[in-house]
Amino acid sequence: MSAPRSAIVIGGGIIGLCSAYYLVKAGWQVTILDKGNLADNCSSGNAGMIVPSHFIPLAAPGMVSKGIKWMFNSKSPFYVKPSLNPKLISWGIQFIKHANDTHVNKVAPHLRDLHLLSKQLYNQLAKEPALNFGFEDKGILMLYKTEKAGAEEIHVAKQATHLGLDVEVLSRAQVQSLEPHTELNVKGAVHYRCDAHIYPNALVKQLTSFLTDNGVKIETHCKVLSVSAKNNTVQHIETTSGQFSADVVVMTGGAWLPELARQAGMNVPVMPGKGYSFMVPNSDHQIVHPSLLLEARVAITPMNGQVRIGGTMEIAPVNDNINMNRVQGIVDAVPDYYPEYQVTLPKVEDVWYGFRPCSPDGLPYIGYSRKWDNMIVAGGHGMMGLGLGPATGKLVAELAAESALSVNISEFNPNRFN
């Protein structure tokens, strides 16, 4: 009997963990290399939303003009820090090029299929005895206060219905009936019943335990220094913890993906989009459903007996600064929609931040590198990393085994900007 094939997964974020999970399930020997300790990855502080509703990529019509307007507001939900950084300029040019209806209409069915696959896999994961991460399949409310935002969201809801998603447009009274414990100050909402949510901190912790219990070696504080290759094949990964080799290398890495890709002689453009979140109690005026506050672009998610409030997208180089003005913008938005929720500005030490890996066209990278026959790239998921983690992980395992793929990944080609 031949030995099981081996795989190295670079990056211990949600994409790396899910890739390792499905590889192990398929009988592979897996080693994860992570430059941190797995506790600081982006998914641990995010809104925990599983979102087939997000079939429109970040690069969409209107985002460029909104971005320019928001650049002059220190509390705005979307911000691109002006810079002469050539990587940012190149990323921005590609973003502008893709922010149109043609791009959105072309990729929407592919994103929908990827999200629906992930939702299906989350349903299966929730049945694993070792995994109990608060999976709740009650949809997400898109709350709006203005006619303009309502018209835009209802237009998206019609597109969603055309794509076969379970969606309902709600009046103010209808949405209030779904939230009986707290007053809402909105004109209406769109209820994406196809969506769900989880407690991401529990998922990350439990997946990590499951993997170690099933023979996965996890090397923490292990920074990749170089990639050695021969005959179109990656031979070794040189790291601060020594040299590693395997039959297949899976490159994830989140916001650090471009640096890893460069070490392998590849161009995989990603800019980090910093987001903030914090937790508040959910005892008084209990919120039942997760929601997105559309005009403010703030996410509200009940989880683990509390409520996580998060938002902002700062496109800028990786940095450790916490911009409390932006956190204040998130805080100020909540009582505009939930008048009984008087949120106070959290202490700096209670604010979580993470870097979403944003590709310039708003699509993830999933597939084999054109340069190396045994390297799979999986990253660039932006705000959708947690939601798309299981689907991406399953596809990685299918790619590694060279078996039939669960969905068409042609639009997610990691070589598309080379």
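Laid out as a table, the results:
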item	result
Note, ³J(HN,Hα) from phi for segment 47-57, Karplus 6.51, -1.76, 1.60, rounded to Hz, x at Gly and Pro	6, x, 9, 9, 10, x, 5, 8, 8, 9, x
Fluctuation leader among Glu295, Glu153, Glu402 - the chain, Gaussian network, Cα springs under 10 angstrom	Glu402
Net charge contributed by nearby residues that have their C-beta within less than 10 Å of Arg193 (K/R +1, D/E -1)	-3
Pairwise FRET efficiency - Gln328 versus Asn105, Cβ, R0 = 45 Å, nearest 0.05	0.75
Equivalent ellipsoid semi-axes - Cα gyration tensor, segment 196-325, angstrom	37, 21, 12
In range of the label at Ser171: residues from segment 109-151 whose backbone nitrogen is under 20 Å from the point 7 Å along Cα→Cβ	141-151
Val156 accessible area, 1.4 Å probe, all protein chains in place, Å² to nearest 10	30 Å²
Spin-label zone in segment 336-352 - amide nitrogen under 13 Å from a point set 7 Å from the Cα of Glu147 along the C-beta vector	none
Rel. contact order, % - alpha carbon contacts under 8 angstrom, at least six apart, the chain	26 percent
Where a label projected 7 Å from the Cα of Val288 along Cα→Cβ would reach, residues of segment 151-180 with amide N under 12 Å	174-180
Cα-Cα pairs of segment 356-399 separated by more than 11 Å (percent)	64 percent
Separation in nanometres of the label points that stand 7 Å from Cα toward Cβ, at Lys371 and Glu238	1.5 nm
His236 accessible area, 1.4 Å probe, all protein chains in place, Å² to nearest 10	60 Å²
List Tyr22, Tyr353, ordered by accessible area with a 1.4 Å probe, largest first	Tyr353, Tyr22
For segment 160-305, size of Cβ-based charge dipole, Lys and Arg +1, Asp and Glu -1, in debye	360 debye
Cα radius of gyration and Dmax for segment 235-288 (Å)	19.3, 57
Debye intensity ratio I(q)/I(0), log10, segment 129-235, q values 0.15, 0.19 Å⁻¹ (C-alpha model)	-0.79, -0.97
Normalised alpha carbon radius of gyration of the chain [divisor 2.2 N^0.38 Å]	0.95
Amide H contacts of Ile32 (H built 1.01 Å from N, under 5 Å, at least 5 apart or other chain)	Val9, Lys217, Ile218, Glu219
Selected from Leu294, Leu141, Leu386 as most flexible by GNM, with the chain as the system and alpha-carbon contacts under 10 Å	Leu294
Of Ile93, Ile409, Gly389, farthest towards positive along the dipole that unit charges on Lys, Arg, Asp, Glu beta carbons give the chain	Ile93
Restraint check, Lys230/Lys371; Lys145/Lys274; Lys25/Lys217; Lys274/Lys394; Lys25/Lys127; Lys25/Lys394, Cα-Cα greater than 18 Å	Lys145/Lys274; Lys274/Lys394
Average Cα contact separation per residue, segment 247-319, under 8 Å, 6 or more apart, as relative contact order %	30 percent
Helix runs (DSSP H) in the chain reaching 15 Å along axis by Cα, Kyte-Doolittle at least 0.0	14-25, 86-98, 200-213, 385-401
Helix-only [θ]222 nm of the chain, DSSP H runs n ≥ 4, -39500 (n - 2.57) each, per residue, nearest 500	-10000 deg cm²/dmol
Aspartates and glutamates whose Cα lies under 20 Å from that of Lys158, excluding same-chain neighbours fewer than 8 positions away	Asp101, Asp113, Glu147, Asp166, Glu168, Asp195, Glu295
Heavy-atom accessible area per residue - the chain, 1.4 Å, Å²	41 Å²
Charged-residue dipole, Cβ positions (Lys, Arg, Asp, Glu), the chain about Cα centre, Debye nearest 20	880 debye
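The values are calculated or read from the model by the stated rules, or taken from the named source; none is laboratory data. This one's a predicted model, so the numbers in the text were calculated from it and none came from an experiment. Note: ideal-geometry Cβ built from the backbone for every residue, glycine included; neighbour counts use all protein chains shown. Side chains are part of the model used for accessible areas, which takes the heavy atoms of the whole protein and leaves out ligands, DNA and RNA. Shrake-Rupley method; radii C 1.70, N 1.55, O 1.52, S 1.80 Å.
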